[in-house]
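Trainee: Could you have a look at this structure, given as structure tokens, before my questions?
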């Protein structure tokens with residue numbers, strides 16, 4: 001039985017990896033394929049009557065670990081400097097305003113349903129309705145970021161910022177409503193105080209963890225750092241602090257060392273060796289994030305109940321919720337002057353939605369917000385995103401297009417453009433992609449250098465030949481016009497005259 005389980009686990013991970021590789025070609029999000037694979041595996045176990053232990057308890061555990069590593073990886077990708085401030089502002093607006101608007105609209109609808117059609121087991125309460133609505137308002141970075149692989153550079157960057165901030169802001173919004181039975185100015189001040197405390201704790205913990213990351217010389221150093229991050233997050237949650245802020249600040253610190261090292265206070269810690277370690281840490285974290293994400297969505301697909309999935313009573317609610325999601329998003333993108341297509345479709349619900357739903361206490365739950373509704377909203381939003389991205393004709397900038405743009409600029413503008421593309425000021429691409437781009441740049445530079453050398457050599461050769469011909473001609477002219485030639489001519493004339501004189505004497 002153990003060998004069978006190991007073989008099945010390895011095969012599933014390899015199949016999931018194949019899904020991830022083919023996403024850029026098929027434009028089908030790997031999450032959809034993972035959910036189908038998990039659901040199909042459940043059907044196989046039912047047909048062959050294979051005894052599978054109860055796996056419900058693993059979903060919150062994998063969800064929490066997945067949320068930590070996904071937000072940490074996303075924040076490592078975020079570049080925080082003056083040039084990115086306009087995009088960060090737009091990302092915050094596009095992530096926050098639709099979340100608030102959609103949350104209160106859904107809460108009002110749920111509250112109305114509680115009053116008129118509720119079962120009576122739970123008293124109508126707008127706060128409980130809002131708690132049930134918030135998980136449906138958050139964009140899942142675990143699905144959005146991998147699905148944006150076929151988008152252009154700017155749109156991919158916007159999706160990374162927006163979905164990561166949506167996760168963080170959604171958790172903060174949920175924590176605020178969930179922790180406070182009475183929402184007033186006092187609760188708001190307490191929440192702001194909690195934010196201040198977690199900011200101080202995050203700063204101290206970030207400096208300490210970064211120092212350990214730079215100073216540990218043991219072969220094993222990254223796993224203890226990740227475990228300490230999870231430990232700090234869990235302890236912060238126990239004391240009702242917005243722990244996801246710590247994850248975000250830690251990732252932003254490591255991902256923006258070039259900017260942060262300019263601070264005099266940070267220079268005292270001598271974190272010069274940290275850049276190389278951060279690159280390796282990011283690579284290992286990316287691998288771990290892939291594994292956790294695959295296991296979570298496979299398990300979630302395995303736990304889907306087919307009969308509940310086809311429940312028409314909740315499906316009408318699902319159609320209304322998903323339609324409202326994309327309508328509000330369309331309006332917000334238009335107002336924010338952000339390209340509507342194809343970004344309007346990149347608003348999937350996923351891991352964070354499930355995780356927040358599992359956090360809802362039984363006494364705060366309402367009838368309409370059930371596991372069936374959550375599953376239907378997730379699947380339908382992801383399917384809409386898949387269809388929208390399939391018909392997307394946007395292509396990323398090619399190398400020659402960028403070179404052409406740079407050649408049309410001045411020297412200072414070209415150097416700035418080269419920096420913004422990558423590769424100098426630190427556009428946070430992964431190491432392999434950066435090396436590949438650098439190799440292409442070097443190869444093209446060498447080719448251009450050879451062409452320029454040949455052109456210069458040919459021009460120099462032609463100039464030298466012309467110069468030699470001109471010099472020969474000038475020498476001949478000088479010889480003809482020189483005084484020596486005149487003297488020789490005079491001497492020849494004198495000799496001729498002497499001969500003429502001597503002839504009569506004879």
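Trainee: Would you calculate the separation in nanometres between label points at residue 81 and residue 340, each defined as 7 Å from the Cα along the Cα-to-beta-carbon direction?
Mentor: Label at residue 81, label at residue 340, 3.5 nm between them.
Trainee: Rounded to the nearest whole Å³, what is the per residue volume of the convex hull around the Cα atoms of region 87-146?
Mentor: Looking at region 87-146, the number lands at 85 Å³ per residue.
Trainee: Does region 26-127 classify as rounded, prolate or oblate by the C-alpha gyration tensor (a ≥ b ≥ c root eigenvalues; a/c under 1.5 gives rounded; else a/b over b/c gives prolate, otherwise oblate)?
Mentor: oblate
Trainee: Kirkwood hydrodynamic radius for region 352-391: how many Å is it when counted over pairs of different Cα atoms?
Mentor: Result for region 352-391, one decimal place: 11.5 Å.
Trainee: Quote the Stokes-Einstein diffusion coefficient, in whole µm² s⁻¹, for region 1-51, based on the Kirkwood radius over alpha carbon pairs, a temperature of 4 °C and a viscosity of 1.567 mPa s.
Mentor: In µm²/s, the coefficient is 108.
Trainee: Looking at the calculated P(r) for region 50-196, what percent of the C-alpha pair distances fall above 19 Å?
Mentor: Roughly 64 percent, once rounded to a whole number.
Trainee: Also, I was wondering about something else. Testing the spin-label approximation: label points 7 Å from Cα along Cα→Cβ at residue 315 and residue 284. State their distance in nm.
Mentor: If labels sit at residue 315 and residue 284, their model points lie 4.8 nm apart.
Trainee: Could you work out Rg/(2.2 N^0.38 Å) for region 2-389, with Rg from alpha carbons only?
Mentor: 1.00
Trainee: So if R0 is 60 Å, what FRET efficiency would residue 228 and residue 117 give, r being the distance between their Cβ atoms, rounded to the nearest 0.05?
Mentor: My answer for the efficiency is 0.80.
Trainee: Which percent of Cα-Cα pairs in region 194-350 sits in each 10 Å bin, short to long?
Mentor: All Cα pairs considered, the percentages come to 8, 24, 25, 25, 13, 4, 0.
Trainee: Peptides 5-16, 324-335, 97-108, 245-256: what's the order by average Cβ count within 10 Å, highest mean first?
Mentor: Ranked by mean Cβ neighbours within 10 Å, highest first: 245-256, 97-108, 324-335, 5-16.
Since every read-out is calculated from the coordinates, none of them should be taken as a lab result. All values derive from a computational prediction rather than experimental measurement. Don't worry about glycine lacking a Cβ; one is built from the backbone with ideal geometry, like all the others, and counts go over all protein chains shown.
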